[in-house]
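This report concerns only the one structure given below.
The values are calculated or read from the model by the stated rules, or taken from the named source; none is laboratory data. Here the structure is a predicted model, which is why all the values come from computation and not from measurement. Ideal geometry is used to build each Cβ from the backbone, glycine not excepted, and the neighbour counts take in all protein chains shown. Heads up: the accessible areas ignore ligands, DNA and RNA and are worked out on the full protein's heavy atoms, side chains in. Shrake-Rupley method; radii C 1.70, N 1.55, O 1.52, S 1.80 Å.
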Amino acid sequence: MPVLPVPPDCTLPMRPQPETAGRVQRIRQAWRQLLLALMVLLLCTPAAQAQTLVFLQALTTTAQPGSAVDWAQARLLPLPDDWSISRPHHSGVVTYRLNFDVESAAGGGTLYALYIERACSALDVVVNGQLAYRGGRMSEPVSRNCQQPQLVPIPAGMLVAKGNAIDLLVRGFSLAEVGSAQRAGGLSRVELGPHDVLAQRHQWRMAFAIRLPEIVSGTLVLMGSFMFVMGWLNRKQSYLAYFGALMLGWALVLSRLWLTDLPWSHRSSELLLAGLMSLITLAAVQFLMRYADRRFRWLDIGLPLQCVVMGASLLAAGPQRLHGTTSAWFTLLSLEITAAAAFYLVDSHRRRPRQLWLMGPLLAVVGVALATEFLALQAQADARIGFIAQLVPSLVFLALGLRLVQQYGRALESAEQGRAELEIRIREATAQIERNFAQLSELKVEQVTERERKRIAADLHDDLGAKLLTIVHTSNDERISTLAREALEEMRLSVRGLTGKPVRLSDALGDWRAEVISRLAQSGVEGEWSSPPDDDVTGTLSARAFVQTTRILREAVSNIIKHSGASHCSVRCGIAEGDFQLVIQDNGNGIPLELDGKLDKGHGMASMKSRAKQLQGQCLVESGPGYGTVIRLTLPLDRHVTAA
């Protein structure tokens, strides 16, 4: 085989990463290597193929390793050799022999390599009788290298010019022992050539078939875990938890591409992978139902029960019927997911057509990708088609996951705004309730007070009033009779104040006029009364204002009769500037100088001013020796007089 120089423009730079490099750095380097590998594939593949030898057939034998083999009796089979077709019932080791010559002289220091795209499940390489490479464990637990491309370095010193023989010992499993034909034993075409040329292809294949799924799996695990926790904490968005479980399950399915050495047997791995599909189906169906806002009790019970039944049936089937049982279950699970997707699309078209613009195309892409992967496997098409097809659902899941997280974030923000608005409304409603309660409490107190006033007024009228009236009519003592009559008038005034019945302002003026003129006349004082005509006086006076004004007026007249020595007294009533004004003036002696500054301490002046203050009015006293006394009472009408 001629060895040609490697074109300098096809060299792929590779720098080994230290073991302590961070995960982020490793992911970044993996993406960089993937891009470089794609460039090499596009630019350098023709030149590389011109320098390699491709083996399209090989001698095969199923003899046990180490035993004598008569290669003259061995079968010559084409490569690639798929055990699911060529030997579906064989499980164990198959030895493939490749014979070739090297035209250039050995010992030139050239490093050769074998590039094996697929050797399922483990591989040993023997060059001219010497073990040159061991690609995984050949005994249980057998390494699972079905998707791992392998590059076997072969130093030039191990080769001779003529009659080289390379034995490839492949440890695989029969079709019946695996859940998918992808994991049945087999060997791809083999290429022999310069190591640096084949390393480029190996690196591209590793980046595309192993590193990329590894990165995607890690991303699915991170996002799936996040979404599962969100859905678990927010049960109203339970579809997030099911979609997170779907992403985690799919990440585990992808892990079969790059997890090679597991601590358990091949049968356990196959059972776990098959059982995982039932969990993925549960998550997918429940996600579609919950995202459509549909919940069926029979699904909540039936899907977990189906997982248990599937696991039990796989165990009962035994290792020699695993493939048939798994295939039947996979068909059923595929129909279930298809039915759930169809139900979701129809239901969303009726109730939520806006969801179809995203979910419809995504479901279609996933369906096409899975169908493409299945057909590529059945037709034994280029492995790259299968790799692309099996990564498409993962990318769709990531895109849909980002969309769901975005929707959840918007819904959460809207909920927070609604909660803030609700809190404001609750505070306002609480404040209003407190105000209403306070008003009701005040009204209740007023009602209780009103009832108590009426009760006291009735008691005074029925008991004390009757006794005073008896004294007035039966007493032979004029002084006692007069005091009883005055007490009776005071009692009646108090009763009126307690009952709270308002008085027409014109009637109040009439009552005051009659009482003042009568008392002054009985005392020998000429009285003069001046008030507006009844037609000009409208409205009603509150009972409280009537009682307090009556007592102020009585106190003023009493002071005139007892202390002033006046012969004339005038009382003027009027309404000016929104106030009721009452002016009482006499021509008496006035208030002595020795009482100047002490008016509030005697002659009832303090009580008069206090009563006026209680009515938000004022009572002014003007007096001087020999000039008489003037009392001015001013009350605001808007507080004590209401329109008739």
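Dividing the alpha-carbon radius of gyration of region 152-297 by 2.2 N^0.38 Å (N being the number of residues), what value is obtained?
Normalised Rg, Cα atoms only: 1.48.
Tell me which residues come under 5 Å, amide H to amide H, from L53 once H is placed; ignore anything under 5 positions away on its chain.
L192, G193
Under a 1.4 Å probe, what is the accessible area of region 516-625 per residue, stated in Å²?
Result: 51 Å² of accessible area for each residue.
Quick one: how many Å² of F374 are accessible to a 1.4 Å probe, rounded to 10?
Approximately 120 Å² of F374 is accessible to the 1.4 Å probe.
I need the phi-derived Karplus couplings for region 197-211: 6.51 cos²θ - 1.76 cosθ + 1.60, θ = phi - 60°, integer Hz, Gly and Pro marked x.
Running phi through 6.51 cos²θ - 1.76 cosθ + 1.60 with θ = phi - 60° gives 6, 6, 5, 5, 5, 4, 5, 4, 5, 5, 5, 7, 9, 10, 5 Hz.
Roughly to the nearest percent, how much of the accessible area of region 108-204 is carbon and sulfur, given a 1.4 Å probe?
The value for region 108-204 is 54 percent carbon and sulfur by accessible area.
Please report, as a whole percent, how much of the solvent-accessible surface of region 308-369 comes from carbon and sulfur atoms (probe radius 1.4 Å).
Details: 2610 of 3590 Å².
Of all accessible area on region 308-369, carbon and sulfur atoms account for 73 percent.
Check which residues have an amide H placed less than 5 Å from R189's amide H, if you skip close sequence neighbours.
Distant-sequence amide H within range of R189: zero hits.
Which of the trypsin sites (Lys or Arg not before Pro) found in region 215-319 are loop residues per DSSP with 11 or fewer other Cβ atoms within 10 Å of their Cβ?
R295
Spelling out what I want: for every residue of region 388-399, take phi, set θ = phi - 60°, compute 6.51 cos²θ - 1.76 cosθ + 1.60 (Karplus), and round to whole Hz; glycine and proline get x.
5, 4, 7, 8, 4, x, 4, 5, 5, 4, 5, 5
Quick query: amide H of L262 versus all other amide H atoms, modeled in the peptide plane; which residues come in under 5 Å with a sequence gap of 5 or more or a different chain?
R144
So what are the ³J(HN,Hα) numbers for region 110-127, from phi and the Karplus equation (6.51, -1.76, 1.60; θ = phi - 60°), rounded to whole Hz, Gly and Pro as x?
With coefficients 6.51, -1.76 and 1.60, one gets 6, 9, 9, 7, 9, 10, 10, 5, 8, 9, 10, 10, 9, 9, 10, 10, 10, 10 Hz.
Does region 178-226 come out rounded, prolate or oblate, given a ≥ b ≥ c as the square roots of the eigenvalues of its C-alpha gyration tensor, rounded meaning a/c under 1.5 and, failing that, prolate meaning a/b above b/c?
Since a/c reaches 1.5 but b/c is at least a/b, the shape of region 178-226 is classed as oblate.
Quick one: which of 425-431, 75-81, 178-184, 318-324 comes out on top by average Cβ neighbours within 10 Å, and what's the full order, highest first?
178-184, 318-324, 75-81, 425-431
What is the diffusion coefficient of region 283-360 in µm²/s, taking the Kirkwood radius over Cα pairs and the Stokes-Einstein relation at 20 °C with a viscosity of 1.002 mPa s? Walk me through the numbers before you get to the answer.
On the way: Rh = 14.1 Å.
Calculated translational D: 152 µm²/s.
Mind ordering 630-641, 605-616, 553-564, 433-444 by average Cβ neighbours within 10 Å, highest first? If you can, show how the numbers build up before the last one.
Values: 630-641: 18.2, 605-616: 16.8, 553-564: 19.8, 433-444: 10.0.
Taking the mean over residues of other Cβ atoms within 10 Å, the ranking is 553-564, 630-641, 605-616, 433-444.
Anything over 24 Å Cα to Cα? Flag those among K562/K609; K444/K501; K444/K613, in the order listed.
On the way: K562/K609 19 Å; K444/K501 19 Å; K444/K613 27 Å.
Listed pairs above 24 Å: K444/K613.
Enter the accessible area per residue of region 107-151 (Å², integer; probe 1.4 Å; all protein chains in place).
36
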